[in-house]
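Asks: Structure incoming, see below.
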Amino acid sequence: MPNEFDMTVRNGLLVTPSGVVRADVGIREGTIATIAASLPEGREEEVVEAEGCYVLPGVVDAHVHFNDPGFPEREDMASGTAAAAAGGVTTVIDMPLSGRPAAISVEALELKKEAGKLRAKVDYALWGGLVDDNVDEMEAMSQAGAIAFKAFTCFAGDDFPYATSEVLYKGMKEAARLGLLIGVHCEDQALTAWGEIEARKKGTTRSFLDAHSPLTEVLAVNAVLEMARTTGARVHICHATLPEVVDAVTRAHTEGVRVTVETCPHYLLFTEEDLEKMGPVLKCTPPVRSPEAVEGMWKRVFDGAVELVGSDHSPSTMSQKNVIIQAQGGAHSAESDLIDPPETPNGGNFMSAWGGVQGVQTLLPALFTEGVKKRGLPIEQLVCLLSRNPARLFGLYPRKGSLRVGNDADMAIFDPRERWILRPKDLLHKNPHSPYLGFSFQGRVKTTISHGKIVYADGRARDTRGVLLLK
C-alpha cells in the first residue's frame, strides 16, 4: 500500500500561539495533512528527525531588499532566498527599491516577478513603490501582484523619489479606496537633508547620528499618522527605532487609526555605542539608537505593541560598505578580526558607506538568543512576531504563519541547545559582511522545509523553487 505521507517530521516540539506540544507532523502534497502525538512509521516517506528541537512555522520576513533585477553584485533572488532558508525563513516580501528598475510600474513589477520565478528558493511576495508620480498606477500594480506599497518621507535614491506630503496623502486616499496597505519609511526630509550636508563635511559617525536624530523619525511618524487618520488608509510604520514612535502608533490605533508598526533585530540588539565601535557595517537608516531606546523597544515588544519584526535585509558589496574590520568591539561579539580588510576606495569615510544591514539569515537566531534566552520572551510570542502576525498583516494567513492541518507545510526545525559563533563562511548571502559576525548565538536552524520539501539542511540551501504569493 502507498504511504499516507510524503514526509514526516518526528518527535518535535511544535510551537503554536497557545503553547508548545510534542508531536509528529505528516505532510502530503506540500501541505500539513495531520498533527498527532505519534504517527506510525512508513516505509517510503522522507523522515525529518526533530528530537529536542522546536518545530516553528516558517518565518515570514516582510522586509527584505534583494536587488533583483539590477544589482547582482549586491544580491539576487537566489542568494537572498538561500540566506533566508538558512535562517528558517520560508516567505519573503521583497521591497521595490534598490533594484534596477525600481518596482514603481507594472512593467518593472513584471521584471521582478520573473526574477523571483527564475531564482527564488522560497516563496516570495512583492511590494510595489509609491513615489512622486505614480499614484495613478497603484491599482494596476495591485492587480499585477503588488501585495502592498512602500513610500519614503525622505530621500531614498534617485531611482525611487520620495513621496512628498501631497503625493503621500493622495496615495493614502487611493490605498483606502482600493483596500491596500502602505508601508512608510519615516524620517523628515527637510531635517535629514540639512543634517546630511553637515554630516558630509565632518564624515563622522556622530554627525551621521545627528543628521538622522530621533526628532526626524518622530516628526515624520506623526505626520503619517494624521494622514492615515484623515484618509482611513491602512498604514504600516516600517522599522521603528524609538519607544515614543511605538507609543504614538498605539495611541492612534486605540483612536481608530488603521496602523501597525514593526521593528528590526538591529534596533533591539545594537546601540549608538556599537555603531561608534563597529563603523559602517552597522550603518543604516534610521540608525541604531541609545541603550535606553533599545530597552524601551524591548518593553514594547513584550507588551505586544510591536506587531512584527522584519530583517530589513539591505545588501551591499564589501567596498560599498567600506568594511575595514568586522565585529571588532561590538557589544555582542565573541571574536574579532573575522575577515580580512578589503579595498576601501572611498578611504573608509563613514558617510560614503552604504546604509543598510544584512540580516535575513540571522533574524530568527538573533531574536531567539536575545529575546527568548536572555530576556525570557515566550517562544509562542516569538512565533507571533516572526510568522503569524506578518502573515496576517499581508493577507497570507492562515496558509502561512501557523502550523495547522491544511496549511502549507512551511517550517523551521530549530535546535535551541546549539551554541555557535557566526563566521563569514556561514553566510549564504553574496557579501560576507554582517554586524552579527562574531556574535555568540544560542539556538540554530537545523532544517528548513517549504511546501513539504527541504530547502535548507546541513549548512546548505537546496536547489528548490518558491512561488509568487498573492493576497
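The values are calculated or read from the model by the stated rules, or taken from the named source; none is laboratory data. Remember, it's a predicted structure, so these values are computed and weren't measured experimentally. In this analysis, Cβ positions are derived from the backbone assuming ideal geometry, glycine residues included, and neighbour counts consider all displayed protein chains. Surface areas here come from the heavy atoms of the whole protein model, side chains and all, with no ligands, DNA or RNA. Shrake-Rupley method; radii C 1.70, N 1.55, O 1.52, S 1.80 Å.
Asks: Between a first residue in segment 445-460 that is free of Cβ contacts under 8 Å to residues at least 60 places away in the same chain and aliphatic (A, V, I, L, M) and a second residue that is in a strand (DSSP E or B) and open to solvent by 40 Å² or more (accessible area, probe 1.4 Å), which pairs have beta carbons less than 8 Å apart while being 6 or more apart in sequence or on different chains?
Replies: What qualifies is 457/446.
Asks: Also, quick follow-up: Any residue that is touching a strand residue (DSSP E or B) at 6+ places or on another chain (Cβ under 7 Å), open to solvent by less than 10 Å² (accessible area, probe 1.4 Å) and either of a type in the set (A, V, I, L, M) or modelled with pLDDT under 95 (or both) - is there at least one of those in segment 203-213? Spell out the reasoning first.
Replies: Pass one, segment 203-213, residues touching a strand residue (DSSP E or B) at 6+ places or on another chain (Cβ under 7 Å): none.
Taking every residue of segment 203-213 in turn, none turns out to be touching a strand residue (DSSP E or B) at 6+ places or on another chain (Cβ under 7 Å), open to solvent by less than 10 Å² (accessible area, probe 1.4 Å) and either of a type in the set (A, V, I, L, M) or modelled with pLDDT under 95 (or both).
Asks: Sticking with this structure for a sec: Considering only residues that are open to solvent by 10 Å² or more (accessible area, probe 1.4 Å) and part of a strand (DSSP E or B), look in segment 20-32 and name the one that is nearest to residue 284 (Cα to Cα).
Replies: For segment 20-32, the residue satisfying everything is 20.
Asks: Let me ask you something else. Can you work out which of the residues in segment 352-369 that are part of a helix (DSSP H, G or I) and open to solvent by 10 Å² or more (accessible area, probe 1.4 Å) is farthest from residue 58 (Cα to Cα)?
Replies: So the residue we want is 352.
Asks: From the list 151, 103, 125, 62, exactly one residue is without any contact (Cβ under 8 Å) to a residue 40 or more places away in the chain, crowded, with 24+ Cβ neighbours inside 10 Å and either within 20 Å of residue 260 (Cα to Cα) or touching a strand residue (DSSP E or B) at 6+ places or on another chain (Cβ under 7 Å) (or both). Which is it?
Replies: Exactly one residue qualifies, and that residue is 151.
Asks: Consider segment 97-129. How many of its residues are among the small types (Gly, Ala, Ser), part of a loop (DSSP other than H, G, I, E, B) and closer than 12 Å to residue 80 by Cβ?
Replies: 3
Asks: Pick from 193, 199, 240: which is at pLDDT 95 or above and in a helix (DSSP H, G or I)?
Replies: 193
Asks: Continuing with the same structure: In a loop (DSSP other than H, G, I, E, B) and of a type outside the set (A, V, I, L, M), is that true of residue 136? Break it down into steps so the answer makes sense when it comes.
Replies: Numbers: in a loop (DSSP other than H, G, I, E, B): no; of a type outside the set (A, V, I, L, M): yes.
Considered against the rule, which asks whether it is in a loop (DSSP other than H, G, I, E, B) and of a type outside the set (A, V, I, L, M), residue 136 comes out as no.
Asks: May I pose another question? Since residue 140 meets every condition but one in (1) under 28 Å from residue 241 (Cα atoms); (2) over 19 Å from the mean Cα position of the chain (by Cα), which condition does it not meet?
Replies: Answer for residue 140: the failing condition is (1).
Asks: Going residue by residue through segment 370-384, is there one that turns out to be farther than 23 Å from residue 266 by Cβ, of a type in the set (Gly, Ala, Ser) and open to solvent by 20 Å² or more (accessible area, probe 1.4 Å)?
Replies: There is no residue in segment 370-384 that is farther than 23 Å from residue 266 by Cβ, of a type in the set (Gly, Ala, Ser) and open to solvent by 20 Å² or more (accessible area, probe 1.4 Å).
Asks: Now for a separate question. Filter segment 293-336 down to the residues that are within 18 Å of residue 280 (Cβ to Cβ) and outside any loop (DSSP other than H, G, I, E, B), then identify the one that is modelled with the lowest pLDDT.
Replies: Looking at the filtered set, the residue picked out is 333.
Asks: Search segment 195-220 for residues that are at positive phi and pair each with any residue that is crowded, with 18+ Cβ neighbours inside 10 Å and not charged (D, E, K, R) when their beta-carbon atoms are under 8 Å apart and the residues are at least 6 apart or on different chains.
Replies: Note: pairs meeting the criteria are 203/350; 203/351.
Asks: Given the criteria open to solvent by 40 Å² or more (accessible area, probe 1.4 Å) and more than 22 Å from residue 181 (Cα to Cα), does residue 265 qualify?
Replies: When the stated conditions are applied, residue 265 does not pass them.
Asks: Mind listing whichever residues of segment 151-174 are of a type outside the set (D, E, K, R), within 17 Å of residue 127 (Cα to Cα) and not in a loop (DSSP other than H, G, I, E, B)?
Replies: Of everything in segment 151-174, those that are of a type outside the set (D, E, K, R), within 17 Å of residue 127 (Cα to Cα) and not in a loop (DSSP other than H, G, I, E, B) turn out to be 151, 152, 168, 171, 172.
Asks: Also, I was wondering about something else. Identify all residues within segment 55-83 that are touching a Leu at 6+ places or on another chain (Cβ under 8 Å) and among the hydroxyl-bearing types (Ser, Thr, Tyr); write none if there are none.
Replies: 79
Asks: Next question, about the same structure. For segment 390-410, which residues satisfy the criterion of being part of a helix (DSSP H, G or I) and surrounded by fewer than 24 Cβ atoms within 10 Å (Cβ to Cβ)?
Replies: Restricting attention to segment 390-410, the residues satisfying the condition of being part of a helix (DSSP H, G or I) are 390-393.
Result: 392, 393.
Yes or no, residue by residue, for (1) modelled with pLDDT under 95; (2) assigned to a loop (DSSP other than H, G, I, E, B):
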position	(1), (2)
4	yes, yes
8	no, no
34	no, no
51	no, yes
66	no, yes
75	no, yes
84	no, no
90	no, no
